[in-house]
Amino acid sequence: MSRHDRLTARSPAPRGRRGPSSRPARARVPLGLAAAVLLVVPLAACGPGADAPATTAGHDAAPRRLSDTERYRLAHAEQALIAACMTGRGQDYRVWLPLSVAESRPVGPVLDDPRWAREHGYGSRIEAKAAKAKRENPNLVHLKSLTGARRTAYLDALTGGPDAPEMKVTLPTGATISKKLGGCTAYAEKRLYGDHRTWFTAEKTTTNLTPLYASKLTRAPAYRAAVASWSRCVRTHGYTLASPAAARDRLRTRIPKLPADARFAAEVRLAVTEARCARETRLRQIAQRTEDTLRAALPTRIQREIRTHSRLQRAALDRARDIVGTS
């Protein structure tokens, strides 16, 4: 979920009813919203971590997942489109992608790349670099320097201002996500993905399905057997861990207590062990195959959104290549 999307589990208020949170026509755009829009950089997050594209979608196959390079290319193209649009509106905006493709790789629930783990651990230094980049983002620094009418004009150009229309989608989980739609950010998204509402609905539906099948995944025989094999493997390396989730718990609770100079080394050792054992037991592939099976059993309406999401992403990649090339 993008940082500037808003999620709520409450039902929307009836039409025509104005609650206490209703804002005046020219309410001030929060700096946090503008900052989120300005930070269109691919950061490490949950999701598949392999760089090689998966099998192309078909009637009997899961939709193809994007590679790390493809995810990065989409982020680059979006930044380039926003920059061109802002320049056209007389505003200063720079393409800002402070992380490399490798640094932008989602770690995912199962890490199975020992080489990446040996260099980055679980990504703590990448997170620190991203936090520093957030503070130094030239677009955010520029925005903070503006006041009065110049600030309003910049925000109107970037996000459409407070009067920009808002889209909402109710997820299969029952939660509702809303998003302001306007300015150069909306222009960039439309250029890449086409119809805003179609993309927004498909993207938010597809990326918020895990709660519908998570408990079934952990009970699936093939997945449980793979996790048990993984646990036996890490035990031979000196770790008593029931699952990769337990490794992340250890990362959060025990490693931070070590002296500063030993912290990253311990993180790397744990990450490399997880990755080696995940590779040996094929844990990520088995988990992904099980997840694909569970997703394929979801209702027809959700399957339609999954296919739409995959189709729009593939089309966006073609457009992104025209915008920023293949670098």
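A few notes on this one:
- Binned Cα-Cα distance frequencies in the stretch 213-296 - 5 Å width, integer %: 3, 15, 23, 20, 16, 11, 7, 3, 1, 0
- Remark: the stretch 232-237, residue by residue, has Karplus-estimated 3J(HN,Hα) of 5, 5, 5, 5, 5, 9 Hz, where x stands for each Gly or Pro and the curve is 6.51 cos²θ - 1.76 cosθ + 1.60 at θ = phi - 60°.
- Each residue of the stretch 284-294 is assigned a 3J(HN,Hα), and the resulting list reads 5, 5, 5, 4, 5, 5, 5, 5, 4, 5, 5 Hz, derived from the Karplus form 6.51 cos²θ - 1.76 cosθ + 1.60 (θ = phi - 60°), x at Gly and Pro.
- Cα gyration tensor shape of the stretch 158-215, rounded if a/c is under 1.5, else prolate or oblate by comparing a/b with b/c: prolate
- Restricting the calculation to Cα atoms, the stretch 72-211 yields a radius of gyration followed by a Dmax of 17.6, 52 Å.
- Dividing the convex hull volume of the alpha carbon atoms of the stretch 84-142 by its residue count gives 93 Å³ per residue.
- Residue-wise HN-Hα couplings along the stretch 88-97, as the Karplus relation 6.51 cos²θ - 1.76 cosθ + 1.60 with θ = phi - 60° gives them from phi, are x, 9, x, 10, 8, 8, 10, 5, 9, 10 Hz; Gly and Pro carry x.
- Only protein heavy atoms count here; under a 1.4 Å probe, T87 has an accessible surface of about 90 Å².
- Among the listed pairs K144/K190; K129/K216; K129/K257; K204/K257; K180/K257; K129/K204, those whose Cα-Cα separation exceeds 32 Å are K129/K216; K204/K257; K180/K257.
- Selection of trypsin sites (Lys or Arg not before Pro), the stretch 232-262, meeting DSSP coil and at most 13 other Cβ within 10 Å: R254
- Rounded if a/c under 1.5, otherwise prolate or oblate - the stretch 266-306, Cα gyration tensor axes: prolate
- Under a 5 Å amide H cut-off, with hydrogens placed 1.01 Å from N, L66 pairs with nothing among residues at least 5 apart or on other chains.
- Ligands, DNA and RNA aside, V268 has an accessible area near 20 Å² when probed at 1.4 Å.
- Shape parameters for the stretch 224-266, alpha-carbon atoms, Rg then Dmax in Å: 11.8, 37
- One chain, two ends: S100 and A228. Fully extended at 0.36 nm per residue, the span grows by 42.6 nm beyond their Cα-Cα distance.
- Surface exposure of the stretch 202-296, expressed per residue as accessible area with a 1.4 Å probe, stands at 54 Å².
- Distances between placed amide hydrogens fall under 5 Å for T176 paired with T8, A9, R10, L171, all partners being 5 or more residues away or on another chain.
The values are calculated or read from the model by the stated rules, or taken from the named source; none is laboratory data. This is a predicted model, so every value here is computed, not measured. Please note: Cβ atoms are built from the backbone with ideal geometry, for glycine as well, and neighbour counts cover all protein chains shown. For the accessible areas, the whole protein counts, side chains as well, though only heavy atoms, and no ligand, DNA or RNA atoms are used. Shrake-Rupley method; radii C 1.70, N 1.55, O 1.52, S 1.80 Å.
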